[in-house]
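Inspection log for the structure reproduced underneath, given as structure tokens.
Bear in mind these aren't lab numbers, they're just calculated from the coordinates by the rules spelled out. The structure presented is a predicted model; accordingly, all values stated were derived computationally and were not measured. FYI the Cβ positions are ideal-geometry reconstructions off the backbone, even for glycines, and counts take in every protein chain you see.
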There are 2 protein chains.
Amino acid sequence: MTRTRRPFPLNPAPWLRRYDRRDLAPDLMAGLTVAVMLVPQGMAYALLAGMPPVAGLLASTLPIVAYAAVGSSRALAVGPVAIVSLLTFEAVHRLAEPGSAEYLTLAATLALLVGVLQFGLGLLRSGVVVNFLSHAVVSGFTSAAAIVIGLSQLRHLVGVPLDGSHPLRTVVDAVTRVGEIHPTTLAIGLVGIALLLAGRRLHRRFPGPLLVVVLGTAVVAAFGLDAAGVRTVGEVPAGLPTFSWPAPTLPDVLALLPTALTIAFVGFMESIAVARALAAKEREQVDPDRELAGLGLANLVAGVIAAFPVTGGFSRSAVNAQAGARSGLASVVTALLVLVTLAFLTPAFRDLPQAVLAAIVLVAVSGLVDLAEPRHLWRLRPKDGATWLVTFVATLVIGIEPGILIGVATSLGLFVVRSAFPHVARLGWQRDEGLWRNLRRYPDAAVVAGVELLRFDAALYFANAAFLRTTVEELLAARPDTQRLVLDLGGAHDIDAVGVETLLALLVDLEQRGVATAVVGLKGPVRDVLDRAHWNAERRAQVAWPSIEHALDAWGIAHPAR
Amino acid sequence: MTRTRRPFPLNPAPWLRRYDRRDLAPDLMAGLTVAVMLVPQGMAYALLAGMPPVAGLLASTLPIVAYAAVGSSRALAVGPVAIVSLLTFEAVHRLAEPGSAEYLTLAATLALLVGVLQFGLGLLRSGVVVNFLSHAVVSGFTSAAAIVIGLSQLRHLVGVPLDGSHPLRTVVDAVTRVGEIHPTTLAIGLVGIALLLAGRRLHRRFPGPLLVVVLGTAVVAAFGLDAAGVRTVGEVPAGLPTFSWPAPTLPDVLALLPTALTIAFVGFMESIAVARALAAKEREQVDPDRELAGLGLANLVAGVIAAFPVTGGFSRSAVNAQAGARSGLASVVTALLVLVTLAFLTPAFRDLPQAVLAAIVLVAVSGLVDLAEPRHLWRLRPKDGATWLVTFVATLVIGIEPGILIGVATSLGLFVVRSAFPHVARLGWQRDEGLWRNLRRYPDAAVVAGVELLRFDAALYFANAAFLRTTVEELLAARPDTQRLVLDLGGAHDIDAVGVETLLALLVDLEQRGVATAVVGLKGPVRDVLDRAHWNAERRAQVAWPSIEHALDAWGIAHPAR
């Protein structure tokens, strides 16, 4: 198989090269629909990230345009997203006080770093790294992160400054300080949640967030509830984005780098999953490298306009696609509408209650907790279920950044451990199919008299070479009369230096014990390495055969396969 | 294949259950030979570990007996060993001043921790963990560690307190301070090295270390060279081992734990490699769990007699075997002779020059640097050569503990990355062998007209599921007329949830494109998971066939295999 070269990911997106005018109306409609959703969500996720609401609006302007200019997905809606906002808060609040000027600089620096990493990896065509995040890890992580996010919003919903240092502490604090709840704040929040849920039931594109923002602001303004202790967003300064280099110090960069890597991966993973799901419906392709470059560009822009990290989010992208988005122009329309909001409408948010924004976040993340998935995974393959559970618990208990790393290590670790104890099978001839089959699964398959047939189902390498040896020794110990052994390595698609050494030593050993041995089914890559190990032609001709039948024929043994 | 249960690793070693009296004479001889080597080496490795020489003698008494009581190797000689001593120094000198009472406590605590870990892992039958240390990692690490050890001895050889904070600094310091060399010290060291090398040439069991110790001590005493600036071992207190609990604090335990884990693994790995090599000559088996338990017991004892971590060493074990050791009794004899030395002979070491001990260490580790191995590995399989090089450079430059961890991560990482981009092959019929073969390797194999045969050579799991999809799509893009596709998964010995989902989605996709598809060669473990995924019997009967021939027959396509 030859790998086709994909086009360089930095030429403009297809819709910029040739725009079909028939797409204009649906693009305008979709852009408007997403903007109506994005303005409240952007402010809500900004608060989640420890940023002022205006930063959420800024992040929803030029970064979106930057993605649209390069990205390959037609309908992906980039902007502030819950999990990336939480990761931002987790990293930056350890270095500076949320709301301080330093905090803003660090958040912008983080966006810049994420941008550099994603953009660089895109140019290096490293989009495939996303494949190392298994679905079980992503699902377990997302469910746990959604719970952490939900708990972080509780303080705004009940009007009590709950301890946010650990999810468990938040829960305990919420229970023990139940008497401090601010009833009006809670009422606003609960009504908001009810309206959002009801609106979502009515129609998927129902502008619930806009409705609760308008209603909540109107109620607070009409009854002067901010004087009664309902916390509001307060003054949101008007103004368009301005460019400024965050000018980070080297220690800050180093402190933010691990989180930047995590956000670069997690943000990309979330985004590409959404983009692929949308593309599949349209029977289109998503280019991972182009997506990485596009998201990187978006984050670079977010970094220089004093915003914070962004990525492609699930809910807004779904709405975008459903509203008929045909190209990146929809995103440009969205960005323009947010710019208009920034320029003229920010005074309207002064009386917007924080409880309403919390309600928006809570309803948005509630759908991310998926407890059916672990049950499904457990039934299908217990190891995948265990990976889900480990990731979920680690994210919830240890922290969201270590959580996903532990998940990745667990999923890859289980794969490596599995390869160290590979599947092996003694074979017999299954007449109906005309194939050599595992005697344990096909007990009535015919054994070849006087010959043991052993199939080894894994790449032979350092972690399982000793296992092969032990397996052969146990087989011979259990059947000491064995005079002939056929070792079927058809399932070994690779071999390393330890594997070569073990195999050759095993052959010498078997010869000394008087057990005639054949090695069959060697694949090309394995033959190549054995050739380089000076497994000379003469020796090889005595031992290696293309198939079990060839080996038995060479020994002159009658067998059922003929 | 059923796995046979191995006996519980804590019943006494075979030689304790039934001792053959004919083994007595060779055991006595071997025990004496090793003791003659161990007394000077024990003191030298104690200095390397930052311990007083007497601790090296203590470590060569009861810990050896503890191993002999449980271990499964006849000839393994346990005691202080260069690499483990260096690891001990690296960890403990960061927490306390070498030579201080606190340092001694910490070193004993480290031995205790190593003992608990090894003993526990032995009881849990986790001896197989050693398989995850690939030969390339072990070889690269050993070569680099030997260089680090050699450089650490330079200060004793030239009589200048060289900077030991980093191997490169030691080299620079040695070059720039060449004028400060103490000529008498250097002369003693060089003569020692010459005698050791000459002795080794004469006979493998030549008691070189004893000879240079006796000669060096005599020369220093006769000419009063300690007054002339030749540094000696000084007063070595007499006395037998006493039991005392090191009583570590929890922070100390936590600080030592990572190193304890490293020593537990590295020590075990070195020991089992030696034990296996010796057992292979005698056509015997080594039980890894029993070895772990035995080494653990030895380190537990080392911890409570104020010594430091031990393991089975290469050179003394080889001498032990060559001198005729038949059982653990040889080790007991060695331990008794060291006890006698401790009780009566320590005053004799007062004038023993440190340069002689440095010479002993230098000659012992010089054989560990193996630069032929990386060349061999590189030729055989460049990935294995790269693993060697990464481990070697990381150990030398970053440090010996991170070095081995980086090596292990590299070796496993390369395996995982390989599995993410598996070998795939388009197949054709190779008439001479009567087998389906890779068309790239067998260009004259016969293609089946109108059918693409694609073999995927790896377990299908999250890291390569996207690769399978891309491969099929590229194949169809290159041959848009393809109407039938046979996907040979005979090389896939496992499948995970992502693999199942990808495979089923691919089949739906191909059906919608009008490409008739067959999946052949599914192995038992893969069929099990697919069954649990509700791949219903009806659907399966349409798509899955035992072999390529079955699929082609079902389609009614003439093919060369009949």
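Cross-link partners of A:K383 among lysines, defined as those whose alpha carbon lies under 20 angstrom from its own and excluding same-chain residues fewer than eight positions apart: B:K523. The stretch between A:E235 and A:A541, if pulled fully straight at 0.36 nm per residue, gains 101.7 nm over its current Cα-Cα span.
Using a/c under 1.5 as the rounded threshold, could you call the range A:421-555 rounded, prolate or oblate? The axes a ≥ b ≥ c are square roots of the C-alpha gyration tensor eigenvalues, and prolate needs a/b larger than b/c, oblate otherwise. Verdict is rounded for the range A:421-555. For the range B:492-507, 3J(HN,Hα) computed residue by residue from phi via the Karplus equation (6.51, -1.76, 1.60; θ = phi - 60°) reads 8, 8, 7, 8, 10, 4, 5, x, 4, 4, 4, 4, 5, 5, 5, 5 Hz, glycine and proline entered as x. A Förster radius of 30 Å combined with the Cβ-Cβ distance from B:L345 to B:N11 puts the calculated FRET efficiency at roughly 0.25. Between identical copies, the spacing of B:L254 label points, each set 7 Å from Cα toward the C-beta atom, reads 2.3 nm from nearest to farthest. With contributions of -39500 (n - 2.57) from each DSSP H run of at least four residues, the per-residue ellipticity at 222 nm computed over chain B stands at -19500 deg cm²/dmol.
So how far apart, in nm, are the two label points at A:R431 and B:L254 if each is 7 Å from Cα heading toward Cβ? With each label placed 7 Å out from Cα toward Cβ, I get 6.9 nm.
Counting only DSSP beta bridges whose two residues both lie in chain B, roughly 50 percent are antiparallel.
Mind grabbing the base-10 log of I(q)/I(0) for chain B at q = 0.09 Å⁻¹? Debye formula, identical points on the C-alpha positions, no solvent, two decimal places. The Cα Debye sum returns log10 ratios of -0.76.
Mind listing the label-point distances from A:A561 to the same position on all other copies, shortest first, one decimal in nm, points 7 Å along Cα→Cβ? Taking the point 7 Å beyond Cα along Cα→Cβ, the inter-copy spacings are 1.3 nm. Mean partner shielding of peptide A:540-547, defined as the number of other chain Cβ atoms within 10 Å of each residue Cβ, is 1.
Here is the list for the range A:16-118: trypsin sites (Lys or Arg not before Pro) lying in DSSP coil, each with at most 13 other C-beta atoms within 10 angstrom of its C-beta, are A:R18, A:R94. Candidates B:A465, B:Q354, B:F314 compared by Cα position along the dipole of chain B: farthest toward the positive end lies B:F314, with charges placed on Cβ. Overall, the protein assembly as shown carries a charge dipole of about 1780 debye about its Cα centre when +1 sits on the Cβ of Lys and Arg and -1 on the Cβ of Asp and Glu, all other atoms neutral.
Projecting label points 7 angstrom from Cα along Cα→Cβ for A:D509 and A:E284 puts them 5.8 nm apart. For the range A:8-57, chymotrypsin sites (Phe, Trp or Tyr not before Pro) meeting the loop criterion (DSSP other than H, G, I, E, B) and having at most 15 other Cβ atoms within 10 Å: A:Y19. With label points defined 7 Å past Cα in the direction of Cβ, position B:A478 shows copy-to-copy spacings of 4.3 nm, given to one decimal and shortest first.
Distance between the C-alpha centers of the range B:539-556 and the range A:493-532? Whole Å please. Here the answer is 33 Å between Cα centres. The distance separating the Cα centre of the range A:80-145 from that of the range A:8-57 comes to 19 Å. Considering only A:A280, B:V515, B:L292, and ranking their Cα positions along the charge dipole of the protein assembly as shown that arises from unit charges at the beta-carbon of Lys, Arg, Asp and Glu, the one farthest toward the positive end is B:V515. Counted residue by residue at 0.36 nm each, then reduced by the alpha carbon distance between them, the extension gain from B:A227 to B:L371 reaches 47.7 nm.
Applying both filters, DSSP loop and at most 12 other Cβ atoms within 10 Å, to the trypsin sites (Lys or Arg not before Pro) of the range B:240-290 gives B:R283.
Computed from point charges on the beta carbon alone (+1 for Lys and Arg, -1 for Asp and Glu), the dipole magnitude for chain B about its Cα centre is near 1280 Debye.
Here the range A:271-310 is assigned +1 on the Cβ of each Lys and Arg and -1 on the Cβ of each Asp and Glu. Its dipole about the Cα centre then comes out at about 100 debye.
Rounded if a/c is under 1.5, else prolate if a/b beats b/c, else oblate: with a ≥ b ≥ c from the C-alpha gyration tensor eigenvalues square-rooted, which is the protein assembly as shown? It is oblate, given that a/c is not under 1.5 and a/b is not larger than b/c. In this simple spin-label model, placing a label point 7 Å from the Cα along the Cα-to-Cβ direction at both A:I557 and A:L210 gives a separation of 7.8 nm. The amide H of A:A544, built 1.01 Å from its N in the peptide plane, has A:V519 as neighbours under 5 Å, considering only residues 5 or more places off or on other chains. For B:A477 and B:L202, the FRET efficiency from 1/(1 + (r/R0)^6), where r spans their Cβ atoms and R0 equals 60 Å, is about 0.25. The lysines whose alpha-carbon is closer than 22 Å to the alpha-carbon of A:K281, local same-chain residues fewer than 8 away aside, do not include any residue.
Can you find, among A:H135, A:T109, A:A46, the residue farthest towards the positive end of the dipole of chain A? Put +1 on the C-beta of Lys and Arg, -1 on that of Asp and Glu. Towards the positive end, the residue furthest out is A:H135.
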